[in-house]
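**Student:** One structure follows; several queries about it will come next.
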Amino acid sequence: MKETPADRRLIIDLEKCFGCFACAAACPEKHIAFTDHEGLRRFRAPSLCGAQCDACRKACPVDAIVLEEVASEEPRPALIELTWGLPLTRCRTCGEAFTTEKIRQSLSDKLAALLGSADLALDRIPLCPSCRRDDEAQRMRSATRTLPDPLP
Amino acid sequence: MNAFLHVDFRRCTGCFACEAACRTAHGGACRVHLAFADGLPVPLMCRQCENSPCAAVCPEEALVWDKTHGVVLLVERCTRCGLCAVACPFGVLSVDPFGRPNVVKCDLCLGRRAEGKRPACVLTCPTEAITDEPDRPLKRRRLAGSVPPIAARPFSESLPAPMGKEGGVQGGFRGKNPR
């Protein structure tokens, strides 16, 4: 039987998806796309995928993607575009959106369990990478400010 | 000694030579970042933490710590989910979902070290603010005279004189509590 282009149904578990871009990066055909716009990370993906691969399902760190076989006798549903969005979190200092709220939450829970609640890594989770670097520079300089410069 | 780059940021003049060298050595994105605190430059790069948050959060265990190479990325395991970039407390790690390399992070110039060369930023820094020799900053300060050299003062001089002699422990005690 001839291989039809639309073979498998893409099902996204929105409870599990936390808005990383592993699936978008993994797709060899670049079918899954994402954009960060106005406080929301929007994903776009086809509802049916004809490619014989499961790169997106394998890459997903939270197993939110299910690829369901469409039986050959079943009438093909119309190809629609799946869209879903996750709210972005903003940097506490500069206000720039740098990751999704769900990733921030899950990482701070994970790091608190691993490193203890008083760790530096946990304090800096609400900051964007650029503000983390500024904060670190400030910390390094203030740690040595009281000492006279010993070098000529 | 664990592998990491030693930064004496008081020597940094903020000339951005390290950033330029890094870009030239690796092509594309820069792995050294000059951050400024009240106008004073601080070069920041991956610190190759032993218990690193980036390696802890990686769902695929693609970041592993090694004594001689620091935190190493295993490219074939990485899915580019970007969690390590959010976890890094120093903001020196970034993930590119579509370009190459996938994780932009200081690897202590792994390719150059394989050829027997030293990291590009170390060779380029005009004031030796970045170095890969752990004892270099201390050696330099000894030469400048700000830290006394180890051999200048024998440790026995700083110890109290032995018991029974003039100025010894007994003498000190009497001096403190005069009759």
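Read-outs: derived from the displayed coordinates by stated rules, not from any lab. No experiment lies behind these values; they were computed from the predicted model shown. Using ideal geometry, Cβ is built from the backbone for each residue, glycine included, and neighbour counts are taken over all protein chains shown.
**Student:** Out of all the residues in region B:46-55, which are buried (at least 20 other Cβ atoms within 10 Å of the Cβ) and facing chain A (nearest Cβ under 10 Å)?
**Tutor:** B:52, B:53, B:54 - these are the residues of region B:46-55 that are buried (at least 20 other Cβ atoms within 10 Å of the Cβ) and facing chain A (nearest Cβ under 10 Å).
**Student:** Could you tell me how many of the residues in region B:50-92 are more than 20 Å from residue A:109 (Cβ to Cβ) and of a type outside the set (D, E, K, R)?
**Tutor:** So the answer is 16.
**Student:** How many residues does region A:124-136 contain that are over 18 Å from the mean Cα position of the chain (by Cα) and more than 8 Å from chain B (Cβ to nearest Cβ)?
**Tutor:** Residues that pass the stated criteria total 1.
**Student:** Which of the residues that make up region A:108-123 are outside any loop (DSSP other than H, G, I, E, B) and either hydrophobic (A, V, I, L, M, F, W, C) or more than 7 Å from chain B (Cβ to nearest Cβ) (or both)?
**Tutor:** Hits for region A:108-123 are A:108, A:109, A:111, A:112, A:113, A:114, A:115, A:120, A:121, A:122, A:123.
**Student:** Please determine whether any residue of region B:26-38 is surrounded by 16 or more Cβ atoms within 10 Å (Cβ to Cβ) and under 19 Å from residue B:136 (Cβ atoms). Don't jump to the end; show me each part of the working.
**Tutor:** Step one: of region B:26-38, the residues surrounded by 16 or more Cβ atoms within 10 Å (Cβ to Cβ) are B:26, B:30-35, B:37.
Adding the requirement that they be under 19 Å from residue B:136 (Cβ atoms) leaves B:32.
Yes: one or more hits.
**Student:** What is the residue count in region A:21-61 for residues that are in a loop (DSSP other than H, G, I, E, B), out of contact with any Leu (no Cβ under 8 Å at 6 or more places or on another chain), surrounded by 14 or more Cβ atoms within 10 Å (Cβ to Cβ) and at the interface with chain B (Cβ under 10 Å from one of its Cβ atoms)?
**Tutor:** 2
**Student:** For the structure I just gave you, tell me whether residue A:82 is touching an Asp or Glu at 6+ places or on another chain (Cβ under 8 Å) and among the hydrophobic types (A, V, I, L, M, F, W, C).
**Tutor:** Details: touching an Asp or Glu at 6+ places or on another chain (Cβ under 8 Å): no; among the hydrophobic types (A, V, I, L, M, F, W, C): yes.
Here the answer is no, as residue A:82 does not meet what is asked.
**Student:** Also, I was wondering about something else. From (1) in contact (Cβ under 8 Å) with a residue 60 or more places away in the chain; (2) more than 18 Å from residue A:128 (Cα to Cα); (3) within 9 Å of chain A (Cβ to nearest Cβ), pick out the condition that doesn't hold for residue B:22.
**Tutor:** Failed condition: (3).
**Student:** In addition: What's the number of the condition residue A:94 fails, among (1) part of a loop (DSSP other than H, G, I, E, B); (2) more than 16 Å from the chain's Cα centre (by Cα); (3) surrounded by 17 or more Cβ atoms within 10 Å (Cβ to Cβ)?
**Tutor:** (3)
**Student:** A further question follows. Can you run down the residue pairs with Cβ atoms below 6 Å, 6 or more apart or on separate chains, where the first is in region B:130-146 and within 19 Å of residue B:13 (Cβ to Cβ) and at the interface with another protein chain (Cβ under 10 Å from one of its Cβ atoms) and the partner is among the acidic types (Asp, Glu) and surrounded by 13 or more Cβ atoms within 10 Å (Cβ to Cβ)?
**Tutor:** That search, which allows pairs on different chains as well, returns B:137/B:8.
**Student:** Go through region B:79-103 residue by residue and tally those that are at the interface with chain A (Cβ under 9 Å from one of its Cβ atoms) and more than 23 Å from residue A:91 (Cβ to Cβ).
**Tutor:** Of the residues in that region, 3 qualify.
**Student:** If you don't mind, there's one more thing I want to ask. If you scan region B:3-59, which residues turn out to be small (Gly, Ala, Ser) and within 28 Å of residue B:141 (Cα to Cα)? I'd like the intermediate steps shown before the answer.
**Tutor:** Start the filter on region B:3-59 by keeping residues that are small (Gly, Ala, Ser), which leaves B:3, B:14, B:17, B:20-21, B:25, B:27-29, B:35, B:37, B:39, B:52, B:55-56.
Selection gives B:3, B:14, B:17, B:20, B:21, B:35, B:37, B:39.
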